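Data block below; observations after.
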Amino acid sequence: LGVCRLRADDQSSAVAALTALAACVALAPDGGWCHYNRGLAYTALNQPDRAKADFDRAIELDGGFGAA
């Protein structure tokens, strides 16, 4: 849902869907892809500090997220 909302240019809903209160981070807290996608949403919302924190966490969890 979060990625769909991000692609639909609805970043606020994307962030909500990708947070700990929603399924993604709650169900896969060690999944780098959740944090990476939420970072993309924060970037689109012009919240660089939050985006950077999520990108850093994505890289920490999965070194394959070089795009972060």
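Would you mind listing the helices (runs of 4 or more DSSP H) fully within the chain where at least 3 residues are modelled with pLDDT of 85 or more?
Working: elements: 2-7, 11-18, 23-27, 32-44, 48-61.
It comes to 32-44, 48-61.
Of the residues that make up the stretch 44-59, is at least one surrounded by 15 or more Cβ atoms within 10 Å (Cβ to Cβ), closer than 16 Å to residue 9 by Cβ and within 8 Å of the chain's Cα centre (by Cα)?
No; the residues of the stretch 44-59 include none that is surrounded by 15 or more Cβ atoms within 10 Å (Cβ to Cβ), closer than 16 Å to residue 9 by Cβ and within 8 Å of the chain's Cα centre (by Cα).
The values are calculated or read from the model by the stated rules, or taken from the named source; none is laboratory data. Computed from a predicted model, the values in this text were never measured in an experiment. Quick reminder, even Gly has a Cβ in these numbers, built from the backbone with ideal geometry, and neighbours come from all protein chains shown.
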